[in-house]
Amino acid sequence: MSQHGVNSEINRLLGFLLLSVAIGLLLGQVLLTIIAGALLYIAYQLANMRRLLKWLKHHRLQEVPDANGLWGEIFDLLSRRKRLEIREKKRFKATIARITATTSALSDAVILLNSSYGLSWWNEATEELLDLKPRDIGSSIINFVRHPDFVNYLESGKYDIPLTLASPRNIEISLEFQFTPVGDGEALLVIRDITRIYKLEKMRKDFVANVTHELRTPLTVIRGYLEVLEDKLPEQSQDEHYPKALEQMRQQSLRMTTLINDLTMLSKLETDSVNKTQEYVQLKPLLEMICDEARAISTQGHEIILTCDKNLYLLANDRELHSAFSNLVTNAVKYSPDGKVIEVMASINLANNLLVEVKDSGIGIDQQHISRLTERFYRVDSSRSIQTGGTGLGLAIVKHILLRHDSRLQIRSIHGEGSTFTCVFPERRVKESDNISETSTNVNSKAV
């Protein structure tokens, strides 16, 4: 509001006052004329206020009251702000319409939740997946998805991994829930129908499990007959190719048996539920056993050094732990040059997590390969894997075992200098004591 409008109103007030005094002097009633002038000025202001109130109630920009001075500026300012407000409303309506049209085209359900998990807004796909109605505005999402795992997921505060559950309307439909906080207590819940992906993944797992099971018996028969043929082969065979052929067949059958065993174990890790009854395993004897096994398979004089406190215990499945650590140590032996040192270390870091590290001085791995090392059958150098007898499943097995123990695998490597594979176990699974109970402990395992 400009100073000009204020000055104009002050001049008007002074004019009323002077006019009243002049008339009062002429009539000899100065006080009465001043009172009359004040009342007249007040009536003028009330009339302008009434015009303003009437205009604000009707919101008609084309009927802006005509006035001058301070009231003229007030009317002009309000009309400008009203025009701006109308433009902003139109812009917001257009934006909301675009968002609504976009979300309506999505096959995924999108729900906006308030701080108490109440329904604030949703798109059309949500109505199909959860059977929501307009009257459900404000109701808690827990009323429509009553599964305990869903409630635990909402209250856990850990939303980096989506939750997969059967649909509350049809158990044959699999839904993926992704919860994302977006504002002051609000959150966005995206629900995706992954039934087709889930079925394809299940078919893949079933196929691998069935194939490995069916191949086991024929391979056992082939290996048995190969052993019989080798035993009956004369020491001085007339054809020198027979012994070599039989040896290669035996090696390849052993390799296929190892591959099937790894596939069977990987399939079991993927399909079996996590064993919730786990025991505290003393790490040092387990790692000593694995290091002794690695020394036995090493024919090139590798030096394996173990560093582990005898009082370290880990809540885990000992067979799965043995498989994970054995895979890492065996890989270090296979991919390290003759006579190199391999270090196996177990320690507690500053965050009280347990670190089990396997460090080698081998050929190392280029950085572009590290992110894919835990994929099934991924090989940095296929020719090298064939020479070492690797199946390409070892690190995939390690990853799945660690996931079943709320843990993760970290890989650091420099090409030509060696690699360090670190298993990171959370603090809640670790004990530093020599008085650990032999009884089983129940633990709810969740993948990190």
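So which residues in the stretch 352-363 are modelled with pLDDT under 85 and not hydroxyl-bearing (Ser, Thr, Tyr), if there are any at all?
If the condition is that a residue be modelled with pLDDT under 85 and not hydroxyl-bearing (Ser, Thr, Tyr), then GLY362, ILE363 are the ones that fit.
Before we move on, is ASP309 among the acidic types (Asp, Glu) and surrounded by 18 or more Cβ atoms within 10 Å (Cβ to Cβ)?
no
Please indicate, with yes or no, whether at least one residue in the stretch 262-269 is more than 19 Å from TYR378 (Cα to Cα) and of a type outside the set (A, V, I, L, M).
Yes, the stretch 262-269 has at least one match.
Restricting to the stretch 185-196, what's the tally of residues that are in contact with a strand residue (DSSP E or B) (Cβ under 8 Å, 6 or more places away or on another chain) and assigned to a helix (DSSP H, G or I)?
1
Hey, can you tell me all the residues within the stretch 100-119 that are open to solvent by less than 50 Å² (accessible area, probe 1.4 Å) and either touching a Pro at 6+ places or on another chain (Cβ under 9 Å) or of a type outside the set (Val, Ile, Thr) (or both)?
Correct list: SER104, ASP108, ALA109, LEU112, LEU113, ASN114, GLY118, LEU119.
Tally time: how many residues in the stretch 59-83 are open to solvent by 90 Å² or more (accessible area, probe 1.4 Å) and either modelled with pLDDT of 75 or more or hydrophobic (A, V, I, L, M, F, W, C) (or both)?
Of the residues in the stretch 59-83, 3 are open to solvent by 90 Å² or more (accessible area, probe 1.4 Å) and either modelled with pLDDT of 75 or more or hydrophobic (A, V, I, L, M, F, W, C) (or both).
Taking the conditions exactly as written (polar (S, T, N, Q), in contact (Cβ under 8 Å) with a residue 24 or more places away in the chain and in contact with a strand residue (DSSP E or B) (Cβ under 8 Å, 6 or more places away or on another chain)), does THR180 satisfy them or not?
no
Which ones in the stretch 163-172 are open to solvent by 50 Å² or more (accessible area, probe 1.4 Å) and either within 29 Å of ALA101 (Cβ to Cβ) or within 23 Å of the chain's Cα centre (by Cα) (or both)?
THR164, ALA166, PRO168, ARG169, ASN170 - these are the residues of the stretch 163-172 that are open to solvent by 50 Å² or more (accessible area, probe 1.4 Å) and either within 29 Å of ALA101 (Cβ to Cβ) or within 23 Å of the chain's Cα centre (by Cα) (or both).
Exactly one of these conditions fails for HIS241: (1) loosely packed, with under 13 Cβ neighbours inside 10 Å; (2) modelled with pLDDT of 75 or more. Give me its number.
All conditions pass for HIS241, except number (2).
Residues being among the hydroxyl-bearing types (Ser, Thr, Tyr) and within 14 Å of PHE177 (Cα to Cα): count how many of those fall in the stretch 118-137.
So the count comes out to 1.
For a quick check of your reading of the model, give me the residue pairs whose first member lies in the stretch 211-222 and is in a helix (DSSP H, G or I), whose second is open to solvent by 80 Å² or more (accessible area, probe 1.4 Å) and modelled with pLDDT of 80 or more, with beta-carbon atoms closer than 7 Å and at least 6 apart or on different chains.
LEU219/MET256
Restricting to the stretch 139-155, what's the tally of residues that are free of Cβ contacts under 8 Å to residues at least 12 places away in the same chain, over 18 Å from ILE111 (Cα atoms) and under 17 Å from the mean Cα position of the chain (by Cα)?
1
Do any residues in the stretch 26-51 that are closer than 15 Å to ARG12 by Cβ have Cβ atoms under 8 Å from those of residues that are open to solvent by less than 60 Å² (accessible area, probe 1.4 Å) and small (Gly, Ala, Ser), where the two are at least six apart or on different chains, and which pairs are they?
GLY37/SER20; ALA38/SER20; ASN48/ALA67
Does the stretch 345-371 hold any residues that are closer than 13 Å to ILE305 by Cα and open to solvent by 30 Å² or more (accessible area, probe 1.4 Å), and which are they?
Scanning the stretch 345-371 gives MET345, GLU357, LYS359, SER361.
Any residue at all in the stretch 419-430 that is among the small types (Gly, Ala, Ser), out of contact with any Leu (no Cβ under 9 Å at 6 or more places or on another chain) and at pLDDT 75 or above?
yes
Can you tell me which residues in the stretch 120-149 are farther than 14 Å from VAL190 by Cβ and crowded, with 17+ Cβ neighbours inside 10 Å?
LEU132, ASP136, PHE144
The values are calculated or read from the model by the stated rules, or taken from the named source; none is laboratory data. Just so we're clear, the structure is a prediction, and the values are computed from it rather than from any experiment. All Cβ positions, even for glycine, are placed from backbone atoms using ideal geometry, and neighbour counts span all protein chains on display. We work out accessible area using only protein heavy atoms, side chains counted, and drop any ligands, DNA or RNA first. Shrake-Rupley method; radii C 1.70, N 1.55, O 1.52, S 1.80 Å.
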